[in-house]
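Working notes, structure below.
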Amino acid sequence: MKKHNFSAGPCVLPQEVMKKASEAIINFNGLDLSLIEISHRSKDVVEVMETARSLALELLGLEGKGYKALFLQGGASLEFLMAAYNLLEKKAAYLNTGTWSSKAIKEAKMLGEIVEVASSKDANFNYIPKGYSIPEDADYFHCTSNNTIFGTQIKDFPKTNIPMVCDMSSDIFSRQLDFSNFDLIYAGAQKNMGPAGTTLVVVKEDILGKVSRPIPSMLDYRTHIDKDSMFNTPPVFAIYVSMLTLQWLKDLGGIPAIEKINEQKASLVYTEVDRNPLFKGFAAVEDRSSMNATFNLTDESHKETFDALWKEAGINGLNGHRSVGGYRASMYNALSVESAQVLVDVMQELERKAG
Ligand SMILES: *Cc1c(COP(=O)(O)O)cnc(C)c1O
């Protein structure tokens, strides 16, 4: 039986997507050829790319609003640099909410002055800072919507007149937001959209072309827009699986439908974390992520028993990140409500055994 996969990334994907993807490896579209052995310029592959790009914009509600969707390589980690390369002339403002924000800041610092508008480092990033101000003379404001490692999530995004850049790697397509408030969104596929190997970049075209530095071709969003994400050989398989996952999401009813399911899973797990005296949550309650629930045992002596229980129940990937410890239940779009319930059952079983 398939495990209950709470892995933080690469993560669980829908079973029907896995099945279609494995069929395409053997015989793609009835061509008697594999998806991964034909030209990326062939009609069938160009169609995959176009469908993936338009599904992304459609699901985000950004069609016809001046945005382009790109499927690039280098992960969200390359976007830390690429965003700055394309947008940073003098000064940019960054909100520091964790490991990934810190890495984004480090890369951007190579290209200009970075103002850290607020940071939650003082409390090991267990909350989202609020009430900070964003300098209006900065070229852009950058934030991380969901902090995968610490289990915090921005619920209210700040209002600003300068362009908003957001790393949405671990919660894109998981909840309804007005995505048109953002000018550049990027997300590594492997958290909520597909396998590792491609990064979705959604960029509002009118923010480009404003920096004076020469931009190397591969780092220039304009290059990839002009070549429809085919400037060089794209990671065809990763984009195909992402396309299938986006199609799955659309058929399910899109973001509004998956948001309800995600809220149901998060509510199940957090209710138990709060109720069960053997567990305590890591993140500040009002900032808790609906994607990654971080929690610890109140008494470490139960660790061995708990670890054995969840492994026996067929749960995978529950260990917390080394910088937080404890446990992290990642509940991305394709994780079922049943899997979340299995985790809750195991937590209750521990309580019975310990009591
Ligand atoms: C995983 C993750 C990254 C890094 O993504 P890569 O694709 O491995 O470079 C960046 N930001 C967030 C929020 C993440 O969860």
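The values are calculated or read from the model by the stated rules, or taken from the named source; none is laboratory data. Remember, it's a predicted structure, so these values are computed and weren't measured experimentally. Heads up, the Cβs are rebuilt from the backbone with ideal geometry, glycines too, and the neighbour counts pull from every protein chain shown. SASA here: full protein model, heavy atoms, side chains in, ligands and nucleic acids out. Shrake-Rupley method; radii C 1.70, N 1.55, O 1.52, S 1.80 Å.
Report, in deg cm²/dmol and to the nearest 500, the calculated mean residue ellipticity at 222 nm for the chain, where each DSSP H run with n ≥ 4 adds -39500 (n - 2.57) and the sum is divided by the residue count. Calculated from helices alone, the mean residue ellipticity at 222 nm is -11500 deg cm²/dmol.
Sorting 110, 291, 1 on solvent-accessible area from highest to lowest, probe radius 1.4 Å, gives 1, 110, 291.
With 0.36 nm allotted per residue and the present C-alpha distance subtracted, the residue 159-residue 51 stretch has 35.7 nm of extension available. For segment 254-354, the relative contact order comes to 34 percent (Cα pairs under 8 Å, sequence separation of at least 6).
Here the Gaussian network model covers the chain, with springs between Cα atoms less than 10 Å apart; of 233, 245, 99, 233 fluctuates the most. Computed on protein heavy atoms with a 1.4 Å probe, the accessible areas place 106, 90 in the order 90, 106, largest first. Here, segment 1-130 is characterised by an Rg to Rh ratio of 1.07, where Rg is the alpha-carbon radius of gyration and Rh the Kirkwood radius. All other residues whose Cβ lies under 12 angstrom from that of residue 135 are scored, Lys and Arg at +1 and Asp and Glu at -1, for a net of -3.
Using C-alpha pairs under 8 Å with a sequence gap of at least 6, the mean separation divided by the residue count of segment 1-124 gives a relative contact order of 14 percent. Looking at segment 254-354, the pairs of alpha carbons with a distance over 23 Å make up 20% of the total.
Taking 0.36 nm per residue of separation and subtracting the current Cα-Cα distance, fully stretching the chain between residue 286 and residue 2 would add 98.9 nm.
Got a number for carbon plus sulfur as a percent of the chain's accessible area, 1.4 Å probe? On the chain, the fraction of accessible area on carbon and sulfur atoms equals 51 percent. Each principal axis of the Cα cloud of the chain was evaluated for its coordinate range; sorted largest first, these ranges are 65, 56, 30 Å. Accessible area per residue (1.4 Å probe, heavy atoms of protein chains only) ranks 121, 65, 91 as 121, 65, 91, with the largest value leading. As a length-normalised measure over Cα pairs under 8 Å and 6 or more apart, the relative contact order of the chain settles at 23 percent. Cross-link reach is defined here as a Cα-Cα straight distance under 13 Å, omitting same-chain residues fewer than 8 places apart; for residue 103 the aspartates and glutamates meeting it are 79, 116, 167. Stretched out straight at 0.36 nm per residue, the stretch from residue 132 to residue 38 would grow longer than its current Cα-Cα span by 28.7 nm. From zero outward in steps of 5 Å, how is the percent of C-alpha pairs of segment 227-272 spread across the bins? Here the calculated profile for segment 227-272 is 5, 18, 15, 16, 14, 12, 9, 6, 4, 1. Here the spin labels are modelled as points 7 Å beyond Cα on the Cα-Cβ line, and at residue 20 and residue 121 they lie 4.4 nm apart.
Specify the residue with the greatest mean-square fluctuation among 161, 96, 292, computed from a Gaussian network of the chain linking alpha-carbon atoms under 10 Å apart. Maximum among the listed residues: 161. With 32 Å as the limit, the listed pairs 91/250; 191/353; 3/159; 159/210; 43/90; 130/303 have 91/250; 191/353; 3/159; 43/90; 130/303 beyond it between alpha carbons.
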